[in-house]
Amino acid sequence: MALFKHKWNRRIVWIVSLYFLVSTLLLCIALIPETKITTVIGIMLYLSYIIITCIALIIILINVLRYSKDIQEHTMALILLIINYPVSMLYIYLTNA
């Protein structure tokens, strides 16, 4: 968090980290007892992540336009935001396999 000096970038990275931890926890729970409810919760979590990601992308775009000198910080926040998509898809695949 010390890498991000803009308030919104810190919040976005915090939310992304929270989603990553919750989805990893759900994956571990889903693999042990093989229940359908954890799969449904995981898919709902993924759908909510899509909505939050769209909002976060708009916020990052606004930050890029306002603070163009800090492009490295915005790029790092964007990469951390986007990298959760393949991880979430992998988790959904592993729970359904």
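Here are the numbers:
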{"item": "Signed unit charges on C-beta, dipole axis of the chain, positive-most listed residue Tyr19, Ser68, Leu94", "result": "Ser68"}
{"item": "Within the accessible area of the chain (1.4 Å probe), percent carbon and sulfur", "result": "77"}
{"item": "Under Karplus coefficients 6.51, -1.76 and 1.60, residue-wise ³J(HN,Hα) of region 10-20 in Hz, glycine/proline x", "result": "4, 5, 5, 5, 5, 5, 4, 5, 5, 4, 5"}
{"item": "Probe 1.4 Å, accessible area per residue of region 2-97, Å²", "result": "67"}
{"item": "MRE, 222 nm, helices only [DSSP H, n ≥ 4, -39500 (n - 2.57), over the chain, to nearest 500]", "result": "-29000 deg cm²/dmol"}
{"item": "Residues with amide H under 5 Å from that of His6, placed H, sequence gap 5 or more", "result": "none"}
{"item": "Trypsin sites (Lys or Arg not before Pro) restricted to region 1-76 and DSSP loop, no more than 14 other C-beta within 10 Å", "result": "Lys5"}
{"item": "Which labelled figure in (i) -1.04; (ii) -0.84; (iii) -0.92 is log10 I(q)/I(0) by the Debye sum over Cα atoms at q = 0.19 Å⁻¹, once derived from the coordinates", "result": "(ii)"}
{"item": "For region 21-32, 3J(HN,Hα) per residue [Karplus equation, 6.51 cos²θ - 1.76 cosθ + 1.60, θ = phi - 60°, Hz, x = Gly/Pro]", "result": "5, 5, 5, 5, 4, 5, 4, 5, 5, 5, 7, 7"}
{"item": "In degrees, nearest ten, helix 71-82 long axis to first principal axis of the chain (Cα)", "result": "10"}
{"item": "Cα-based helix-to-principal-axis angle, 84-96 vs the chain, degrees rounded to 10", "result": "0"}
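The values are calculated or read from the model by the stated rules, or taken from the named source; none is laboratory data. The model shown is predicted, which means the values in this text are computed figures rather than measured ones. Reconstructed Cβ throughout: ideal geometry from the backbone, glycine too, with neighbour counts over all protein chains shown. Only protein heavy atoms, including side chains, enter the accessible area calculation; ligands, DNA and RNA are left aside. Shrake-Rupley method; radii C 1.70, N 1.55, O 1.52, S 1.80 Å.
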